[in-house]
Amino acid sequence: MPLFSGIFFGVPMLRGKRVIPVLLGGNRKLVKGEKFSQWQYVGDPLNIARIFSHKEVDELVYIDIVAAQNQVNPDYVMLRKISEQCFMPLTYGGGIRSLEDAKKAFDEGIEKILVQGALRKNPSLVTQIAERFGSSSVAVGLDFYPDPVTGFPHFPTVAPYWNKTKGTEQLFADVVSLGAGEIFLTDMTREGTRSGPSKVMDGLPHRFQIPFVYSGGVRDRADAENVLDQGFDAVGVGASFVFFGPQRGVITSYFTG
Amino acid sequence: MSEFNLDVGVLDYGCGNLESISDMIRYLGAEPRVVTEVAELANLDRLILPGVGNFGVASRFFESRKGYRERLADLLSKQNFRLLGICLGMQLLAESSEESPGRGLSLLDARSTLMRSDDPNKAKVPHIGWKEVDVASPSTLFPTDSDKAGPFYFSHSYILENSEPSETTAFCHHGGHYVSAIQKGNIFGVQFHPEKSNSQGAAVLRNFLWGSDVTR
């Protein structure tokens, strides 16, 4: 990373908002999928974290889907190795089920924890983490898909904390009351597809005090700007930043300038 | 102490993220040591209070250890010593915080209050993201003729309300005009996280460690 002896003016983010590479992995590998399935190996998390750190990205989100889905503990050794590469904020999600899990992750250099699965049976975990480490240290992840008939969002990964009678705005209001500092929304039907962002949440972030991040399908700056126009405070980008190039090598990129 | 062998301490007071600040200090060429008890503070040239946590937890750490405030006062009386509070660490330099009961270190005539945004469209709380800061005038952390520096990474819900405006070396606007950095003699504070602010943050931390005094 370049070192300047004076004050350095960084590369501006998009309209002052964060553009965040989202990395999915597990078992010490990074993977790329489509709609959260059909995983392909794309690389070593350390190398890719290092590349993004050299590019001086605004933030990096790393989600361990193995820890999230298989009821295993986060790989704290891996977290330390990744955080050593990063002089930008690093957010981690996957298998955080207790205050102790959160503390261990912060101890390894993680800046912010992403909690999702714990909402099913233990939503007060969010409150515990917020009280001990500050709201800005804990974000709630909410994966959704639009109902094929009505278009209304479903949030299956946090059921029964969410159910159809609760509705989207009430869900967000409840999560804010828990003490979450940020809400991280992912459209499961667009994840990994590079088919453009959802518009289902258009305008909703404006109604809440905490920042919102959107991820799923973002292809380029125009898509990212569209997400910001919908009221989001930051944009998560997965497949468009880490993808297979023409010779099947993995290419890592970021918005420039 | 020689200029090249700074004894840099990072305080472990249960308010996390020692690794990130230690990584950046090592990157800049110093070898930090984690300190906890009063006795370990002896002979330090630099002490950093990292800041992810809760004011009450931090306050109880100091209350439960006799002699902490006195030892800090001793260190601060040495001309070559510098103290840096980051985020919660900066707020801890104050008297108290709205976040929880308990005394701060009372090194600043200040208190920490919750950021209040009356317009969620304008400024979200917590403030999470990158912002440029307005530099009040050249100072040790910002030895620049420019009136701006950064952008730096902020992640906080609480802000510092300081009684002495001349101690503010940088401001930022987020729904209100807030203190982003202070300097009072050899006491420094930054609301943002230099250890998470890429090259810009590294420059500020480098100035804290080795920059010439630009006294105010």
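The values are calculated or read from the model by the stated rules, or taken from the named source; none is laboratory data. It should be emphasised that the depicted structure is a prediction, and the values quoted were computed from it without experimental measurement. Using ideal geometry, Cβ is built from the backbone for each residue, glycine included, and neighbour counts are taken over all protein chains shown.
Residues that are assigned to a loop (DSSP other than H, G, I, E, B), at the interface with another protein chain (Cβ under 10 Å from one of its Cβ atoms) and touching a helix residue (DSSP H, G or I) at 6+ places or on another chain (Cβ under 9 Å) were ranked within the stretch B:108-133; the one that is surrounded by the fewest Cβ atoms within 10 Å (Cβ to Cβ) is B:Asn121. Summed over the stretch B:12-32, residues that are within 8 Å of chain A (Cβ to nearest Cβ) and without any contact (Cβ under 8 Å) to a residue 12 or more places away in the chain total 1.
Has the stretch B:172-187 got any residue that is farther than 27 Å from A:Ser83 by Cβ, buried (at least 19 other Cβ atoms within 10 Å of the Cβ), of a type in the set (A, V, I, L, M, F, W, C) and facing chain A (nearest Cβ under 9 Å)? Spell out the reasoning first.
First, pick out the residues of the stretch B:172-187 that are farther than 27 Å from A:Ser83 by Cβ: B:173, B:175-179, B:182-187.
Retained after the next criterion (residues that are buried (at least 19 other Cβ atoms within 10 Å of the Cβ)): B:178-179, B:182-184, B:186-187.
Still in the running and of a type in the set (A, V, I, L, M, F, W, C): B:179, B:182, B:187.
After this cut, where a residue has to be facing chain A (nearest Cβ under 9 Å) as well, the list is none.
Scanning the stretch B:172-187, I find no residue that is farther than 27 Å from A:Ser83 by Cβ, buried (at least 19 other Cβ atoms within 10 Å of the Cβ), of a type in the set (A, V, I, L, M, F, W, C) and facing chain A (nearest Cβ under 9 Å), so the answer is no.
Residues that are assigned to a strand (DSSP E or B) and surrounded by fewer than 21 Cβ atoms within 10 Å (Cβ to Cβ) were ranked within the stretch B:134-161; the one that is nearest to the other protein chains (Cβ to nearest Cβ) is B:Lys148.
Need at least 3 residues that are among the aliphatic types (A, V, I, L, M) and touching a helix residue (DSSP H, G or I) at 6+ places or on another chain (Cβ under 8 Å) per element, so show me which helices (runs of 4 or more DSSP H) inside the stretch B:1-78 make the cut, counting only ones lying wholly within it. Let's see the steps before the verdict.
On the way: elements: B:18-28, B:55-63, B:68-76.
In the stretch B:1-78, the matching helices (runs of 4 or more DSSP H) lie at B:18-28.
Determine whether the stretch A:187-194 contains at least one residue that is under 17 Å from the mean Cα position of the chain (by Cα), at pLDDT 95 or above, away from chain B (no Cβ under 14 Å) and assigned to a loop (DSSP other than H, G, I, E, B). Within the stretch A:187-194 (the criterion being under 17 Å from the mean Cα position of the chain (by Cα), at pLDDT 95 or above, away from chain B (no Cβ under 14 Å) and assigned to a loop (DSSP other than H, G, I, E, B)), the answer is no, since none of the residues qualifies. A:Phe87 meets the stated requirement of being within 12 Å of chain B (Cβ to nearest Cβ) and touching a residue at least 60 places away in the same chain (Cβ under 8 Å). Scanning the stretch A:10-52 for residues that are among the aromatic types (Phe, Trp, Tyr), within 14 Å of another protein chain (Cβ to nearest Cβ) and part of a strand (DSSP E or B) yields a count of 0. Please tell me if B:Ser100 is surrounded by fewer than 21 Cβ atoms within 10 Å (Cβ to Cβ), within 11 Å of chain A (Cβ to nearest Cβ) and more than 18 Å from the chain's Cα centre (by Cα). So B:Ser100 passes the test.
Within the stretch B:177-212, the set of residues being touching a Ser or Thr at 6+ places or on another chain (Cβ under 6 Å) and at pLDDT below 95 comprises just one member, B:Gly211. Condition (residue is assigned to a loop (DSSP other than H, G, I, E, B), away from chain B (no Cβ under 14 Å) and either touching a residue at least 40 places away in the same chain (Cβ under 8 Å) or aliphatic (A, V, I, L, M) (or both)) applied to the stretch A:205-220: is it met by at least one residue? Within the stretch A:205-220 (the criterion being assigned to a loop (DSSP other than H, G, I, E, B), away from chain B (no Cβ under 14 Å) and either touching a residue at least 40 places away in the same chain (Cβ under 8 Å) or aliphatic (A, V, I, L, M) (or both)), the answer is yes, since at least one residue qualifies. One residue stands out among those in the stretch A:1-24 that are at pLDDT 85 or above and in contact with a strand residue (DSSP E or B) (Cβ under 6 Å, 6 or more places away or on another chain): the one that is farthest from A:Leu114 (Cα to Cα), which is A:Lys17. Is it the case that the stretch B:114-131 has a residue that's of a type in the set (S, T, N, Q) and out of contact with any Phe, Trp or Tyr (no Cβ under 9 Å at 6 or more places or on another chain)? Yes.
For the stretch B:191-211, name all the residues that are of a type in the set (Lys, Arg) and facing chain A (nearest Cβ under 7 Å). Even if it seems obvious, please write down each step before you answer.
First, pick out the residues of the stretch B:191-211 that are of a type in the set (Lys, Arg): B:196, B:206.
Residue satisfying the conditions is B:Lys196 alone.
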